[in-house]
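A.B. asks: This is the structure I want to talk about, given as structure tokens.
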Amino acid sequence: MFNDIGLPEVIALVVLAVLIFGPDKLPQVIQDVARTIRKIRDFSDSAKQDIRNELGPEFKDFEFEDLNPKTFIRKQLDSDELGLKEIRNGFDLKKEMAEVGDAVQTVGDVRDDGASSSSGSTSSASSGGRISMTKGPDLEKRPESTEQAAKPTPPPFDSDAT
């Protein structure tokens with residue numbers, strides 16, 4: 001419950017408790033807090049037991065922690081009924097990102113060498129059919145083909161629509 005509280009925090013809480021309650025009342029306050037926590041825990045346990053008794057014997061192994069959405073989803077994904085582990089293990093995000101990075105680097109190298117300069121069809125053929133995602137100065141040097149007759153104009157900005 002308090003896994004992230006370290007030694008400096010505990011010392012600060014003890015010093016603060018001594019300053020607020022004083023050394024003479026501090027043991028009584030600690031006993032009262034412990035008694036209250038014990039009563040709350042007993043109340044919670046009895047409420048859980050009453051709910052289990054009302055649900056019947058088919059819910060005997062019901063855990064209230066499963067009602068937490070995070071725990072429920074984790075439990076459902078860990079069970080391999082749907083084959084999700086195989087899908088998750090088959091998908092390697094680092095490998096995919098490395099391939100995309102290599103493809104972008106290859107396209108950049110081809111553009112730097114000047115191999116893609118004659119037309120849009122030869123540039124896509126020389127880069128292996130990939131589309132360049134970088135903007136460069138050689139885009140203006142290319143002669144326009146029938147496919148690239150004019151650059152599309154952006155729609156007009158309507159300040160009332162926003």
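The values are calculated or read from the model by the stated rules, or taken from the named source; none is laboratory data. Small disclaimer: the values here were computed from a predicted structure and weren't measured. We place every Cβ from the backbone using ideal geometry, glycine too, and count neighbours over all the protein chains shown.
A.B. asks: Taking Asp4 as meeting all but one of (1) surrounded by fewer than 11 Cβ atoms within 10 Å (Cβ to Cβ); (2) part of a helix (DSSP H, G or I); (3) of a type in the set (D, E, K, R), write down the number of the exception.
C.D. replies: Going through the list (1) surrounded by fewer than 11 Cβ atoms within 10 Å (Cβ to Cβ); (2) part of a helix (DSSP H, G or I); (3) of a type in the set (D, E, K, R), Asp4 breaks only (2).
A.B. asks: Another question, if that's okay. Pairs under 6 Å by beta carbon, first residue at pLDDT below 80 in the stretch 82-106, partner surrounded by 10 or more Cβ atoms within 10 Å (Cβ to Cβ), six or more apart or different chains?
C.D. replies: If the second residue must be surrounded by 10 or more Cβ atoms within 10 Å (Cβ to Cβ), the pairs left are Leu84/Leu77.
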